[in-house]
Amino acid sequence: MGTAQEYGLSAEGYVQRKDTLVTSVLLVGPELAHDPFATAPVMHWCDARERGRNPGAWPVMPGHERPYWEWVPLERVGPLRFGMTPPEVAAALDGETPAGRIGHFPHWSFAQDGLWCLEEDRFEKAGVSAHYWTHQDGVPRLGGVTAYGRTGPQVLYVGIPLVGMTPSALDEAVIQHLEKHDLALRFSPDGAAGPAGLNLTLGTTRAGDSTVSEPAFYTEHWEI
């Protein structure tokens with residue numbers, strides 16, 4: 001059993017995100033029923049081992065308790081500058097050790113064959129994930145940062161708080177700003193509105209039966 005973002009129709013008749021969740025379910029055959037997420041077909045589709053464990057509660061940090069991180073589009077987020085190596089990222093976060101790491105081998109069908117490539121580090125204390133791409137020298141470089149919706153630092157876009165907000169209110173504020181200033185608007189595959197050209201995605205994360213905004217910021221050449 002799981003949950004998924006709920007969608008509905010706006011007054012204008014287009015699909016938009018709601019602030020709530022709906023339940024989802026994975027149904028499998030008897031050969032996978034004992035432990036579906038530990039079997040190859042499901043693991044390649046959705047590897048649950050890569051997800052951080054939930055402590056059993058969904059607390060959302062109040063806005064006044066969140067540190068403020070300045071965002072310079074396509075360059076840096078707070079102390080994290082795109083192009084940093086993993087040790088430099090950890091050092092910029094006061095030496096915090098990643099709570100979890102995600103990576104892959106070049107060919108999934110040949111497990112542990114070739115060089116393991118780091119894709120993501122999770123920093124629970126800082127409330128962010130660092131996303132990497134592998135440089136031509138073989139060293140992972142920082143290409144994206146996700147600020148956790150429930151516990152991450154606050155980041156602003158033209159005065160609009162992007163982290164831990166009600167998705168519908170955030171979408172409305174962003175769209176109003178872009179329309180007012182005649183700026184280009186883009187929609188992500190999950191229906192989030194955002195400014196074009198800044199490599200910003202405004203995702204969501206669960207907070208009980210509701211969701212809060214969880215943005216991710218990327219370098220110029222990151223494909224989103």
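Pull up region 179-224, narrow it to residues that are outside any strand (DSSP E or B), within 17 Å of the chain's Cα centre (by Cα) and among the aliphatic types (A, V, I, L, M), then point me to the one that is farthest from LYS18 (Cα to Cα). The extreme case among them is LEU198. When we screen GLY143, GLY152, GLY138, GLY164 for residues that are at pLDDT 95 or above and more than 26 Å from LEU21 (Cα to Cα), the only hit is GLY143. Checked against (1) under 24 Å from VAL15 (Cβ atoms); (2) open to solvent by less than 20 Å² (accessible area, probe 1.4 Å), LEU198 passes all but condition (2). When you scan region 166-178, do you find a residue that is part of a strand (DSSP E or B), surrounded by fewer than 22 Cβ atoms within 10 Å (Cβ to Cβ) and free of Cβ contacts under 8 Å to residues at least 60 places away in the same chain, even just one? No. Counting only strands (runs of 3 or more DSSP E) that fall entirely inside region 1-110 and contain at least 3 residues that are in contact (Cβ under 8 Å) with a residue 24 or more places away in the chain and open to solvent by 50 Å² or more (accessible area, probe 1.4 Å), the qualifying elements are 15-24.
The values are calculated or read from the model by the stated rules, or taken from the named source; none is laboratory data. Values in this document were obtained by computation on a predicted structure and should not be read as measured data. Don't worry about glycine lacking a Cβ; one is built from the backbone with ideal geometry, like all the others, and counts go over all protein chains shown. Heads up: the accessible areas ignore ligands, DNA and RNA and are worked out on the full protein's heavy atoms, side chains in. Shrake-Rupley method; radii C 1.70, N 1.55, O 1.52, S 1.80 Å.
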